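Structure first, then comments.
Read-outs throughout are calculated quantities, based only on the coordinates presented, and are distinct from any laboratory measurement. What you see is a predicted model; the values in this text were computed from it and never measured. Note that we place each Cβ from the backbone using ideal geometry, even for glycine, and neighbour counts take in every protein chain shown.
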Amino acid sequence: MKITIIGVGLIGGSMAMKLREQHFADYVFGVDLNENHLLEAKELGIIDEISTLENAVKNSDLIIIAIPVDAARKILPTVLDLVNENQTVMDAGSTKLGIVNAVKNHQKRNRYVAFHPMWGTENSGPKSAVSESFSGRAAVICDQKDSAEDALSLVKKVAENLEMNLIYMNADEHDVHTAYISHISHITSYALANTVLEKEREEDTIFQLASSGFSSTVRLAKSHPEMWVPIFKQNKENVLDVLNEHISQLRKFKAALEKENYELLEELIKNANRIRGILK
């Protein structure tokens, strides 16, 4: 099978590597605005050919859009304009409602499957791609009723070859859930990093004292704004709802300390510990 990867960075590159290893993809076209990424992907064997969008889409059975969500929203209608009834288009975006709404009235909407592989790191670019990244993780297909059966079947095979566990939901549900389990984590990490950087002017001190706990908490703060500002923008309302609840929880901790109410502080921590039974 010939596939096109639009965006040969961390996600697109990792998907291409795994699908090639599984012999699902025989030939991979790479499309990207970043020329260096294309050259790196070609050198690393992630893609077979650097191509224009039109040529790649025309000659592929499957087109995977793995670029920031604002760019995906813009390019998806163009890609659907280029495909025929035998081709399938999928994306890998972290928000879904804005993307699916961009093509809800497109005459070839049924050739598109809204897909989200639930994995990512703070790194970027094809050099960060890892073929086993998705194994055992969740993947979401949204609004499956709007996709043709053959397109849906192909994307299910993609998930199977990526060794992911499929979950089905509608796009607005997906965006609410990801706001809680992904997007707020990034905002919290950015905020904590800014807090420490503001207080600790001597960066060497941070590096000397930083524990593994601190490092793991602020790891997401290394994630690039080019990826995350569009996510926050497209999922603004849900992120604001979660952020308001998060601020409310922080105020409870602050009040407990200010009033020296250590019983309440213990209660808040014990309540948070319940996450142990959910996240093994």
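Using C-alpha pairs below 8 Å separated by at least 6 residues, the relative contact order for segment 174-277 is 35 percent.
Report the Stokes-Einstein translational diffusion coefficient (µm² s⁻¹, integer) for segment 2-169, Rh taken as the Kirkwood radius over Cα pairs, at 20 °C with viscosity 1.002 mPa s. Rounded, D is 139 µm²/s.
With Cα atoms defining each centre, segment 77-114 and segment 119-151 are spaced 16 Å apart in the structure.
Secondary-structure-derived ellipticity at 222 nm for the chain, considering helices only, amounts to -15500 deg cm²/dmol, per-run term -39500 (n - 2.57) for DSSP H runs with n ≥ 4. Cross-link check: pairs Lys74/Lys145; Lys236/Lys270; Lys18/Lys104 evaluated at a Cα-Cα cut-off of 25 Å; pairs beyond the cut-off: Lys236/Lys270; Lys18/Lys104. Dividing the convex hull volume of the alpha-carbon atoms in segment 174-277 by its residue count gives 132 Å³ per residue. How far, in nm, would the chain grow between Lys270 and Glu226 when pulled straight, counting 0.36 nm per residue and subtracting the alpha carbon separation? Answer, rounded to one decimal: 12.1 nm.
Panel values: segment 14-65, Kirkwood radius from alpha carbon pairs, Stokes-Einstein at 10 °C and 1.306 mPa s, translational diffusion coefficient 142 µm²/s.
For segment 30-130, which trypsin sites (Lys or Arg not before Pro) are both in a DSSP coil and crowded by at most 12 other Cβ atoms within 10 Å? Sparse-neighbourhood loop trypsin sites (Lys or Arg not before Pro): Lys104. Each of Ser182, Ser60 was scored by other Cβ atoms within 10 Å of its Cβ. Listed from fewest to most, they are Ser182, Ser60.
If packing is taken as the average number of other Cβ atoms within 10 Å across a peptide's residues, how do 186-197, 28-39 rank, most packed first?
Packing proxy ranking, top to bottom: 28-39, 186-197.
Compute the long axis of helix 262-273 from its Cα atoms, compare it with the longest principal axis of the Cα atoms of the chain, and write down the angle in degrees, 0 to 90, nearest 10. Approximately 20 degrees, to the nearest 10.
Sorted from longest to shortest, the spans of the Cα atoms of the chain along the three principal axes equal 67, 42, 31 Å. Spacing of the modelled spin labels on Ile50 and Asp81, each 7 Å from Cα toward Cβ, amounts to 2.5 nm.
Which part of segment 137-156 falls in the paramagnetic zone of Asn101, meaning amide N under 16 Å from the point 7 Å along Cα-to-beta-carbon? Of the residues in segment 137-156, 143 have backbone N under 16 Å from the label point off Asn101.
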